[in-house]
């Protein structure tokens, strides 16, 4: 059954709830106002969803508006169109550049024409509301709050924030992962994956060089080295007396169970996205070089091939088979995918556990011929497995033909 998609925002509910407990009156007020704004935006998105029709194509043209700390977009002032000069306001220029980097990334890396694949225009609104502690993708455009200036800074200062939010639009126009339980966690994870990849692409960083942090520039400006989330180490993005420890799990044995409703984060989607996030990180570093190359292509093709209610095991299987299609059965890329999902305790349907054990040795063993022999054995096993799956599919098709 189709569900109304909640408003997408970068700062998860568990952080806003912590902000409500702040000793600082202004921080508490900003957190409460942010929660109220989010609820209102959700209502507006629900109303829009009842009308058919897609956003008008515009070859990915950018337009930035200034809300002047108001919340009604109709009152916003146009401050920078695609062909206009730089603005005097750094927030305007940062938003403009973030839209452009995200658009150009999808065009150059995946040959995708803007968010919807058909040249969707890109609109952004800065200074949205008064000290709003969030950035939003409302289904059509980006909204950037200024933050409270203490625990959260101006949300335009983080490329991963902007690209994360716009990636929700890409998911909307591809797999359309339903925003609850495991499919909702995949929805959030896709945004972290592509949000990080846009930044890595812009900086030309390898998978090893990247920090894999989401929102590091805006979260707790006074505390160095933390972030809203860490794809490399879910559960370790932050740990301080004010906000406690990052609650994201990094494997299925630590999966967070919460009610599938708004107070329960729709089945803990912002928590459990840490599991597929870690799987992508592991895949990327094991393939090596640039994560937006082979690993990013695998995830993007899997996203396009997925269905709205797919869970972790479904998506894991899709990435594994896409790796076989794109790089060959038993290829190093397919082996990296397999070992990554096995490490976060998500099995690939039809893959024997023995294959996972061989891969574990290949990844963690020490050098020389023994490691190469283990990898070669793994590749042979995967190739044999693929042959068996293909043969079985042919037998099933033949049996159906005789009925």
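Looking at the structure I just gave you, is residue 311 out of contact with any strand residue (DSSP E or B) (no Cβ under 7 Å at 6 or more places or on another chain) and at positive phi? Step through it out loud before you land on a result.
On the way: out of contact with any strand residue (DSSP E or B) (no Cβ under 7 Å at 6 or more places or on another chain): yes; at positive phi: no.
Against the criterion (out of contact with any strand residue (DSSP E or B) (no Cβ under 7 Å at 6 or more places or on another chain) and at positive phi), residue 311 does not qualify.
Only one residue in 144, 110 is at pLDDT 95 or above and within 15 Å of residue 63 (Cβ to Cβ). Which one?
Details: 110 fails: within 15 Å of residue 63 (Cβ to Cβ).
Exactly one of 144, 110 is at pLDDT 95 or above and within 15 Å of residue 63 (Cβ to Cβ), namely 144.
Just checking, does segment 349-356 include any residue being at pLDDT 95 or above, in a helix (DSSP H, G or I) and over 20 Å from residue 231 (Cα atoms)?
As a first pass, look at segment 349-356 and keep what is at pLDDT 95 or above: none.
No: segment 349-356 contains no residue that is at pLDDT 95 or above, in a helix (DSSP H, G or I) and over 20 Å from residue 231 (Cα atoms).
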| message | Just checking, does segment 238-250 include any residue being crowded, with 24+ Cβ neighbours inside 10 Å, within 30 Å of residue 109 (Cα to Cα) and modelled with pLDDT of 95 or more? | response | yes
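Quick check on this structure: which one of 112, 94, 140 is in contact (Cβ under 8 Å) with a residue 12 or more places away in the chain, assigned to a helix (DSSP H, G or I) and either at positive phi or out of contact with any strand residue (DSSP E or B) (no Cβ under 6 Å at 6 or more places or on another chain) (or both)?
Numbers: 112 fails: assigned to a helix (DSSP H, G or I); 140 fails: assigned to a helix (DSSP H, G or I).
On inspection, the qualifying residue turns out to be 94.
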| message | Being at pLDDT 90 or above and under 30 Å from residue 173 (Cβ atoms): is that true of residue 77 here? | response | yes
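The values are calculated or read from the model by the stated rules, or taken from the named source; none is laboratory data. For clarity, every value in this text was computed on a predicted model and none was experimentally measured. Here Cβ is always computed from backbone atoms with ideal geometry, including for glycine, and neighbour counts include all displayed protein chains.
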